[in-house]
Amino acid sequence: MTAPVALKLEGVARRFGAARVLDGVDLSVRAGERHALIGPNGAGKSTLFNVIGGALRPDRGTVWLDGVDVTRRSPHRLARAGLGRSFQTTRVFARLTVLENLRCAAWCGVVATQSAHGVPGLLSKWALWWRRSRAIEDQAERVLVDLALEPAAHQPAGTLEYGAQRRLDLGVALAGGARVLLLDEPTAGMNRDEAARTIEWMRAVMADKTLLVIEHDMDAVFALADRVSVLVQGRIVATGAAAEVAADERVREAYLGVPPGPPRDPGRTAP
Ligand SMILES: Nc1ncnc2c1ncn2[C@@H]1O[C@H](COP(=O)(O)OP(=O)(O)OP(=O)(O)O)[C@@H](O)[C@H]1O
Ligand SMILES: [Mg+2]
């Protein structure tokens, strides 16, 4: 049985002045899928994340999360509905410690999902506070272990080396408890080894999440993604398994810079 669709976009369009940056984007991501979004610089990938995440309003089109129309919802309401995101540039609180960063994120997630329903009275308020505190602490500690950052738990996040800061940024998205994560170039600026380790780590700790990941590094795409969509000039030009998409002529021409035509036989030499 195919999994239900977790995130669906239909006809999403957005202009900046005369520039049509998103030009009718259709995209479906199934629950539990790891879906990569690739495309040249300036294709509109981050803009699309801003629209899905509620930071930007689309001019046209619809965004569904778990079958519910969430178009134009604010980022915090989307977070409540189970959507999390990380950004192209790292956004951790540099002066807070690693654990404090994770606690902040866990606090947002726990407060958003646990209601005071059915617990009136002073004693019950205390019980609710205690329950929330435990849930926040547990969630933050769990992600700290997942990140393998226990030795740096009490270190200001700004003093971590770059790769660890990027990983913490992903941890913050995870600690919020979202089911669907939009991750904008999680391996940006990492060397090959770091990028490969990060992807391996993502596969392990985000196994039960639905992921839409913007990624430029094709090795990372092949290692991570079940399916890939290619955005060129604000339109999805191909969607499919990574190998299928990499072999698609329109993709090779628009993105990989390979002209269309029959594949060259590497064994033949020019006359
Ligand atoms: N707030 C904005 N105001 C005006 N133009 C914008 C704004 N945000 C993005 N753009 C323009 O929209 C286009 C798409 O930008 P976007 O950041 O979405 O591309 P991208 O695919 O994420 O590129 P990259 O791979 O370099 O991150 C660019 O031409 C950019 O200059
Ligand atoms: Mg971008």
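Expressed as a whole percent, the accessible area of the chain that falls on carbon and sulfur atoms is 54 (1.4 Å probe).
Taken along its three principal axes, the alpha carbon spread of region 107-226 comes to 56, 33, 18 Å, from the longest extent down to the shortest. Scanning residues 5 or more positions from VAL5 or on other chains, those with amide H under 5 Å from its amide H are ALA31, with H placed 1.01 Å from N in the peptide plane. Given 20 °C and 1.002 mPa s, how large is the Stokes-Einstein diffusion coefficient of the chain in µm²/s, with Rh as the Kirkwood radius over Cα pairs? Rounded, D is 107 µm²/s. The equivalent ellipsoid that matches the C-alpha gyration tensor of region 90-178 spans semi-axes of 28, 11, 10 angstrom, in descending order. Couplings 3J(HN,Hα) of region 27-33, computed from phi: 7, 10, 10, 7, 4, x, 7 Hz, in residue order, whole Hz [Karplus 6.51 cos²θ - 1.76 cosθ + 1.60, θ = phi - 60°; x for Gly and Pro]. Once you have a ≥ b ≥ c as the square roots of the Cα gyration tensor eigenvalues for region 38-188, tell me rounded if a/c is under 1.5, and otherwise prolate or oblate according to whether a/b is larger than b/c. Oblate shape, in that a/c is at least 1.5 and b/c is the bigger or equal ratio. On a per residue basis, the chain carries 53 Å² of accessible surface, using protein heavy atoms and a 1.4 Å probe. Report note on the peptides 126-138, 80-92: ranked by the mean count of other C-beta atoms within 10 Å, highest first, their order is 80-92, 126-138.
Under 5 Å between amide hydrogens, built in the peptide plane, is the criterion, and for VAL213 it picks out HIS35, ALA36, LEU37, LEU183 among residues at least 5 positions away or on other chains. For ASP23, the residues whose amide H sits under 5 Å from its own are ARG14, ARG235, ignoring neighbours fewer than 5 places away on the same chain, with H placed 1.01 Å from N. With an a/c value of 1.5 or above and a/b not larger than b/c for the gyration tensor axes a ≥ b ≥ c computed over the alpha-carbon atoms, region 1-102 is described as oblate.
Take every DSSP beta bridge whose two residues both sit in the chain; close to 55 percent of them are antiparallel. The 3J(HN,Hα) values that the Karplus relation (6.51, -1.76, 1.60; θ = phi - 60°) gives for region 3-18 are, in residue order, 5, x, 7, 8, 9, 9, 10, 9, x, 6, 10, 7, 10, 10, x, 7 Hz. Gly and Pro appear as x.
Rounded to the nearest 20, the size of the Cβ-charge dipole of the chain about its Cα centre is 980 debye, with Lys and Arg at +1 and Asp and Glu at -1.
The values are calculated or read from the model by the stated rules, or taken from the named source; none is laboratory data. Every value quoted in this text rests on a predicted model; they were computed, and no experiment measured them. Counting neighbours? That spans all protein chains shown, and the Cβs are built from the backbone with ideal geometry, glycine included. SASA here: full protein model, heavy atoms, side chains in, ligands and nucleic acids out. Shrake-Rupley method; radii C 1.70, N 1.55, O 1.52, S 1.80 Å.
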